[in-house]
Every structure is written in C-alpha cells, then in structure tokens.
C-alpha cells in the first residue's frame with residue numbers, strides 16, 4: 001500500500017477465528033493480497049482484544065461467533081481502545097440474520113465467509129481510508 005509520501009506500507013492483519021480451517025483460509029487470502037501480512041491469530045474474543053492492544057494491527061478480520069466474548073463485543077472493545085484499527089466482521093450469517101448490534105459495533109463492514117477474497121480485502125481497506 002502506498003502512503004501519503006509515496007512510500008510503501010505493509011498492512012498488518014490480525015485474524016480472529018476459532019475454527020482452524022477458516023484461519024488457514026484467511027491466512028491464505030491475506031498472503032495473496034498485495035501489501036497485507038498476517039501478524040497474529042486469535043481464537044477467542046478475549047485473545048483478540050489482548051492481541052490488538054499489544055500488536056496494534058491495522059486490520060482485524062473478526063469472526064462473529066467466538067468462545068468467550070463474541071466478535072461484536074470484541075470489536076467494540078478494540079475500537080474503544082484503538083479507534084484507528086479497521087475491523088471487518090466475518091461469518092456465515094446471511095445479512096438478514098445478523099445480530100442487531102453487528103451494525104453498531106464499529107466494524108466497517110460485514111462479509112459472508114463465502115465472499116471473502118483478496119480483491120474484497122483491498123477494496124474494503126481502500127474504502128476505510130477515505
């Protein structure tokens with residue numbers, strides 16, 4: 001990614017997902033996305049909040065259903081302490097079945113796991129910067 005001064009910055013990504021197979025998929029998608037790199041992985045909401053606080057990721061890919069606090073509450077906590085961190089919610093919910101507070105937790109977008117891919121990550125990141 002180019003910064004305002006024309007230099008290149010790698011976007012650090014924290015993957016938050018309790019199911020190992022989808023963590024593998026998310027890691028692969030990020031590795032295929034130019035300018036992005038995975039800097040951490042968490043399997044619970046509490047772990048996500050702790051890692052966001054210690055690692056300062058630019059982007060968090062957050063599953064909604066997690067053990068402990070769910071992804072919506074974890075997003076709320078991350079955004080409260082790190083407002084510049086961009087969070088994208090991921091799940092298998094259809095848009096109409098999303099929990100009511102998914103839209104007000106501070107995430108920039110909800111993405112169905114089937115639609116998740118490199119071009120979508122880049123597009124959402126670019127939109128979050130404007």
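See the values below:
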item: Quotient of Cα Rg and 2.2 N^0.38 Å for region 56-130, N being how many residues it contains; result: 1.03
item: Folded to 0 to 90 degrees: helix 20-31 orientation relative to the chain principal axis, Cα; result: 20 degrees
item: For region 42-86: relative contact order, % (alpha-carbon pairs under 8 angstrom, 6 or more apart); result: 48 percent
item: Sites residue 19 and residue 127, calculated FRET efficiency, Cβ-Cβ separation with R0 30 Å, nearest 0.05; result: 0.65
item: Among beta bridges that DSSP assigns inside the chain, antiparallel share in %, nearest 5; result: 5 percent
item: Cα centroid separation, region 36-84 to region 102-130 (Å); result: 15 Å
item: With 10 Å bins from 0: P(r) over the chain, alpha-carbon pairs, percent; result: 13, 49, 33, 5, 0
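We did not get these values from a lab; they are worked out from the coordinates using the rules stated. Bear in mind the structure is a predicted one, so any value in this text is a computation, not a measurement. In this analysis, Cβ positions are derived from the backbone assuming ideal geometry, glycine residues included, and neighbour counts consider all displayed protein chains.
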